[in-house]
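Where a number appears in this text, it was derived from the coordinates with a stated rule and is not lab data. None of these values were measured; they are calculated from a predicted model. Don't worry about glycine lacking a Cβ; one is built from the backbone with ideal geometry, like all the others, and counts go over all protein chains shown.
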Amino acid sequence: MPDLAAPLIAWYRENARDLPWRQPGFGAWGTLVSEFMLQQTPVARVIPHLEGWLQRWPTPTALAADPPAAAVTQWANLGYPRRALWLHRAAVEIRDRHAGVVPREVDDLLALTGIGDYTARAVAAFAYGDRHPVVDTNTRRVLARAVDGRSQPGPPSKGDLAAMAAILPADSAEAAIVNAAAMELGAVVCTARAARCDACPIADRCAWRAAGHPDTGDTRRRQARYEGSDRQARGAVLQALRGAVGHALADAAVIPDWSDPAQRDRAIDSLIADGLVEASGGTLRLPH
DNA sequence: GACCCGTGGTG
DNA sequence: TCACCAAGGGT
């Protein structure tokens, strides 16, 4: 396999975007919060929310001292509000199990609520500088193209970590840069729709480009339609409860005019099951 | 491994 | 317009 690390590092040093979590001394808690927010939410939408969150809760212990409702409200419209709940749970776990310090070991990070293969290694590599493969959707696409000669990656698998580990330099600081560079390249150059191969630092050693950019098919599952979905109903319920800041709402007063009453009830039940909503005495509120 | 989970920008 | 896409993770 051609050396991908060296050109990636050189390109990243010249072209990396100036993002908040890349500031020196941003800290492991800041990194952890940003990674939670970045799970399936675009960078541009995360940035405006990050500073306010960290100002309100500068440490895991500070967040853990407030009720989950505060986290879900502060989360605002970032989407997938379960992440706010899980981030709060992770903060409690960090306080109780790690004396309020974001752990450094991947296994300890993986044991926290809401942290999986990507986020655990992102924190260990970017906040603590340790040598781990970090694989997100951008990296998977870059590797699928450059190494496998495919237009899109296959389904996520454990093999993704090994594939990334195979191109990491021995030095841990350089390895962290290669991880970040692969993500960055996928985000701004080797994008899902129209790859800008003219601006790519590894175009001369890209298997996909060498093969003439074949369309090798797309195994990804189609995202379900949002309009009319249960997710939309859940979102509407939660938005109503967020607006009620703290106090409970009568069950019947929550999105009363929803076109599908059965779907409304189903949404509320599933939110209760997730722990995002509390029901008591015919009223609903965010969890305390 | 399949399916579920929000929200908004974009080509 | 509308399907696609986004620094994933839990069940």
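Can I get the semi-axes of chain A's equivalent ellipsoid? Compute them from the C-alpha gyration tensor as square roots of 5 times the eigenvalues, in angstrom, largest first.
38, 24, 15
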* Structure fact -> Within the set A:V123, A:V147, A:V134, GNM on chain A using Cα springs under 10 Å gives the largest fluctuation to A:V147
* To do: In whole Hz, with x marking every Gly and Pro, tabulate ³J(HN,Hα) for the stretch A:197-214 from phi via Karplus 6.51 cos²θ - 1.76 cosθ + 1.60, θ = phi - 60°.
  => 4, 5, 9, 9, x, 10, 4, 5, 10, 8, 5, 5, 5, 4, 8, x, 6, x
* May I ask you to list the trypsin sites (Lys or Arg not before Pro) in the stretch A:1-81 that are in a DSSP loop and have at most 11 other Cβ atoms within 10 Å of their Cβ? => A:R17
* Given the options A:L109, A:L241, A:L249, which has the most mean-square fluctuation in a GNM of chain A, springs set between C-alpha atoms less than 10 angstrom apart? -> A:L249
* Structure fact -> Taking placed amide H atoms and a strict 5 Å upper bound, the residues 5 or more places from A:L284 or on another chain that come that close are A:L249, A:A250, A:D251
* Structure fact -> Once Lys and Arg are counted +1 and Asp and Glu -1 for all other residues with Cβ under 12 Å from that of A:N77, the total becomes +2
* To do: Quick one: among A:P156, A:P81, A:P169, which has the greatest mean-square fluctuation in a GNM of chain A with alpha-carbon springs under 10 angstrom?
  => A:P156
* Asked: In degrees between 0 and 90, to the nearest 10, how far off the longest principal axis of chain A does helix A:28-38 point, with axes built from Cα atoms?
  -> 80 degrees
* Rounded to the nearest 500, what is chain A's calculated 222 nm mean residue ellipticity when only DSSP H runs of at least 4 contribute -39500 (n - 2.57) each, over all residues? -> -14500 deg cm²/dmol
* To do: Pop out the ³J(HN,Hα) list for the stretch A:235-241 in order, Karplus 6.51 cos²θ - 1.76 cosθ + 1.60 with θ = phi - 60°, rounded to Hz; leave Gly and Pro as x.
  => x, 5, 4, 5, 4, 5, 6
* Quick one: helix A:261-274 against the long Cα principal axis of chain A, what's the angle to the nearest 10°, folded into 0 to 90? -> 70 degrees
